[in-house]
Every structure is written in structure tokens, then in C-alpha cells.
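Read-outs: derived from the displayed coordinates by stated rules, not from any lab. Just so you know, these numbers come straight off a predicted model, no measurement behind them. Every residue, glycine among them, receives a Cβ derived from its backbone with ideal geometry; neighbour counts consider all protein chains shown.
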Amino acid sequence: MSSEHYRKTLMVNLSQTEIASAINASRIQVARVEEKMQKKGLIEINRRGIKINDLKTLEKLKQDPQANLD
């Protein structure tokens, strides 16, 4: 398999409440953003945590917080 097709994934084992507390936001705000990210395919959410599928795009969003997820 070529390195172009290999996609590294990362698991984050934090609850919405823990994330909200860390960034001084409400759990509802975190849930809304997570839902948008999941619809875009950037993350997957399950009982075990959050699987990050597209770290590059998330890093770009970090650099440009005004970027629109809609």
C-alpha cells in the first residue's frame, strides 16, 4: 500500500463535558460542533471516544477558527 493511501487515525477518549470544560464552552456547543465535524467526515464519535479521521483539516481549522464547517 502506498503512503498516499495510508491514513493515520487518532482516538481521543474525552467526553463532551470534559472537552467543554477544557475550552470553557458548554456541552451543547461542543455537541453541535462535533455533529458538524462528523457530518464532514472529519471525526467519528462512538462510546469509546472520538476517532479523528482528517487531522490535516482539523489543524487547518485550528489555524483559522473562522472557517465554516457548514
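Report, in deg cm²/dmol and to the nearest 500, the calculated mean residue ellipticity at 222 nm for the chain, where each DSSP H run with n ≥ 4 adds -39500 (n - 2.57) and the sum is divided by the residue count. Provide the component values of the computation, followed by the final result.
Details: 3 runs with 30 residues, N = 70.
Rounded to the nearest 500, the figure is -12500 deg cm²/dmol.
Who wins for biggest fluctuation among K60, K36, K51 in a Gaussian network model of the chain, springs between alpha carbons below 10 Å?
Between K60, K36, K51, it is K60 that shows the largest mean-square fluctuation.
Take the alpha-carbon positions of the chain, form their convex hull, and give its projected area averaged over all directions (one quarter of the hull surface) in nm². Walk me through the intermediate numbers first.
Working: hull surface 21.9 nm².
Across all orientations, the chain yields a mean hull projection of 5.5 nm².
Summing +1 for each Lys or Arg and -1 for each Asp or Glu, what net charge is found among the other residues whose Cβ lies under 15 Å from the Cβ of E18?
On the way: positive: R27, R47, R48; negative: E34.
For residues surrounding E18, the net value is +2.
In debye, nearest 20, what is the charge dipole magnitude of the chain about its Cα centre with +1 on Lys and Arg Cβ and -1 on Asp and Glu Cβ, if you could check?
Numbers: 13 positive and 9 negative charges, 32 e Å.
That gives the chain a dipole magnitude of about 160 debye.
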